[in-house]
1. With point charges of +1 on the Cβ of Lys and Arg and -1 on the Cβ of Asp and Glu, referenced to the Cα centre of the chain, which listed residue (V241, I32, H471) lies farthest in the positive direction of the dipole?
2. Of all DSSP beta bridges in the chain, what percent run antiparallel (nearest 5)?
3. Under the 0.36 nm per residue contour assumption, what length would be gained going from the current alpha-carbon distance of K123 and E382 to full extension?
4. Where does helix 318-331 land angle-wise versus the long Cα axis of the chain, in degrees 0 to 90, nearest 10?
5. Using the Cα atoms of the stretch 193-283 to build a convex hull, what is its mean projected area in square nanometres?
6. What is the helix-to-structure angle for 132-143, meaning the angle in degrees between its Cα long axis and the longest Cα principal axis of the chain, kept from 0 to 90 and rounded to the nearest 10?
7. Using θ = phi - 60° and the Karplus curve 6.51 cos²θ - 1.76 cosθ + 1.60, what whole-Hz ³J(HN,Hα) does each residue of the stretch 94-109 get, with Gly and Pro shown as x?
8. Using a simple spin-label model with points 7 Å from Cα along the Cα→Cβ vector, what separation in nm is obtained for R210 and S242?
Amino acid sequence: MPTEPTTGYDPTLGKKFIFVTGGVMSGLGKGITAASTGRLLANAGFDVTAVKVDPYLNVDAGTMNPYEHGEVYVLKDGGEVDLDLGNYERFLGIDMTSDHNVTTGKTYQSVIEAERAGDYLGKTVQIIPHVTDDIKRRIREAAEGTDVCIVEIGGTVGDIESMPFLESLRQFASEEDDEDLLFMHVTLVPDSMNGEQKTKPTQHSVKELRSIGLQPDILVGRNEDHLEEQTKTKIARFCDVSTDAVFSNPDVDDIYKVPLMVEDEGLDEYVMERLGIAKSALPKAERSQRWRELVTRDREGTVEIALVGKYGLEDAYMSIHEALKHAGIEREVDVDVLWVDSDQMHDEHTERLEAADGIIVPGGFGSRGTDGKIDAVRHARENNVPFLGLCLGFQMAVIEHARNVLGLEDANSAELDEETPHPVIDILPEQKEVDDMGGTMRLGAHETQIEPGTLAARIYADDSCTERHRHRYEVNPNYIDQLESEGLAFSGTAGRRMEILEHEDHPFFFGTQFHPEFRSRPDRASPPFVGFLKAVVDRSESETEPQSEDEVTI
Ligand code: GLN
């Protein structure tokens, strides 16, 4: 965490790079392994950053469907990036920029633009050296000002798309001192039918890596359990590393425990020795206590939160799940997320919604499932269930109020119904000029002014907040007076943009046009999530003690 002391890294040691590749198959948790390694180095006092390389042709993740790629994570500079960057920000406690997500699309776009501008006049523009030089430049620039840079190569070794990136790493290895680079390969070690840990897939993937000129220094084997000693020995023998360079990364119930587990394996010590920085590290006893205290803190009870969205996939709402966990750490309560499909609001989905202690309506695009979201808002409002509406969820709360409290029939967002007689959510004139879909929304960190004396002011304990945005539509300025006439208040604004809403006569009804989940960290939970969870806990406590009618105070 940034609050921990640093050792004052000796610059003569040189900048260190840890390259992380994946073998056998994707989805092994390579990003979490890499981020956990980074966390341990940060715990040891080093300034750590990360770069995620995504070998797809999209320039950024902004136009990608959450079904295929999980959520689009938003950085403070407005970068729409792969969700792994969210893990790096949360694990390392840092704010990254778009430059920390290198894609094939970005690289080719700048090489081709330079070619058109005549920067390579006379030359044939090629993958080697022009694309690989651009990749190396991006990695070096992103590492600027830090001690250690972790570079995770997305995909699996052997994918055709990742070739130019792996070739860049090979060149890196010949350009930097041995001691400044470390190659970590995360691979699958499956169990056979009779429960034996099999090393063959790892051997093949290391062979593939070596055929392109890369020799791993460290191998991390993913299996449900710890790798057995003989498995490690076998991997070491076939892959030309020593046995103490082979590490386990067994399944754990909480990703934030991975740093503690790989620390127990001695991965951090090995990495620091190998990079020649062990002597600059904080003493072992001072390193991980804070992290350990955070992730092992006792919890009292469990609350159930309904997440009402259209993607039945945890990754599509990853930052919300994480922000709930962080608020759970702060409030010392376990959080169970109940998935409610807003497109199938019947049977078990309605039951889950009705059983929930609190309701979140998250962000989203397009009309599918929006009727279910509006019904969920109504349920929360009418039954005094704590409610948190995020981005599209905020807009749904405005529409619900317009329709069911103000009686504006068929009120809607112009995004969802162009013909609506009451476009209470609409596009502002500047967005009407926009033609391209990529990178053109209102993106990134913007300041919101908070009205004193409101729930928002209590939640943020401040008269302003700066949170990340990703939206095109806004509360229609022509409807603000009318919308505020019956108990709803816009308590946070940015000029003529409405940013926060709340309901006066409800214990906790809070909506934000921005996405507070993107700034939440394990040690710095997001204020709206903490406030929401407090209201949820207070409500479930008062339900178990029916006489108590304490007001909810934040
Ligand atoms: N679709 C809405 C808009 O563009 C909300 C976006 C979101 O939830 N991220 O304004």
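1. Of the options given, the answer is V241.
2. Numbers: 27 of 75 bridges.
Just about 35 percent of them are antiparallel.
3. The K123-E382 span can extend by a further 86.3 nm.
4. 80
5. Working: hull surface 29.1 nm².
Result: 7.3 nm².
6. Once rounded, one gets 60 degrees.
7. Along the stretch 94-109, the couplings run 10, 9, 9, 10, 4, 5, 8, 10, 9, 10, 4, x, 4, 5, 5, 4 Hz.
8. 1.9
The values are calculated or read from the model by the stated rules, or taken from the named source; none is laboratory data. Note that the structure is a prediction, hence the values are computed from the model and not measured. Glycine also receives a Cβ, built like all others from the backbone with ideal geometry; neighbour counts cover every protein chain displayed. The accessibility values were calculated without ligands, DNA or RNA, using every heavy atom of the protein model including side chains. Shrake-Rupley method; radii C 1.70, N 1.55, O 1.52, S 1.80 Å.
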